[in-house]
Amino acid sequence: MFRTLDDRVLVAPQIDASQIAEAAAQGVTLVVNNRPDGESPDEPQGAEIEAAARAAGLDYVAIPVGHGGFSQPQVDAMQAALDGAAGKTLAYCRSGTRSTLLWSLARAKAGDAPATLHEKANGAGYDLTPVAALIDMLAAKK
């Protein structure tokens, strides 16, 4: 269920508390929730995932991304979360797409080459086309 973006980041569709132990077994030390609470009330909300993560000794951060798109504070928060993680990071949203797109923006801002980001995302089954221009812009600033 977890897809590998690089040696430090995994992404997934919506997780539940029972999957936290699996994440920890794979070296995850940080869970990033990119799904706004209430988006689908019948699925686990952030507090439930956070409680399970903390009970397993994992860090947790919420950087919700709604369907309206991405903002600079979200990109900055994702970059800080990724940079501060002691081990692997598991980011999740409804399908893993928003998590992957936000990861790519944060990594472009950090200086990763756009072509490399596209290759890694494609390898995990995700398409960065919706944010390709933003990736290029952030990478050019580095």
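Based on the alpha-carbon gyration tensor of segment 32-77 and its eigenvalue square roots a ≥ b ≥ c, which shape applies: rounded if a/c is under 1.5, prolate if not and a/b is larger than b/c, or oblate?
Taking the square roots of the gyration eigenvalues as a ≥ b ≥ c, segment 32-77 is oblate.
Please list the radius of gyration and Dmax for segment 4-98, considering alpha-carbon atoms only, with Å as the unit.
Cα-based Rg and Dmax for segment 4-98 come out at 12.2, 34 Å.
Once you charge only the Cβ atoms, +1 for Lys and Arg and -1 for Asp and Glu, what is the size of the charge dipole of the chain about its Cα centre, to the nearest 20 debye?
About 420 debye.
Indicate, rounded to the nearest 5 percent, the antiparallel portion of the DSSP beta bridges found entirely in segment 3-141.
20 percent
FYI, it's all coordinate maths here, none of it is from the lab. As the structure is a computational prediction, the values presented were derived from the model and not from experiment. Cβ: placed from backbone, ideal geometry, glycine included. Neighbour counts: every protein chain shown.
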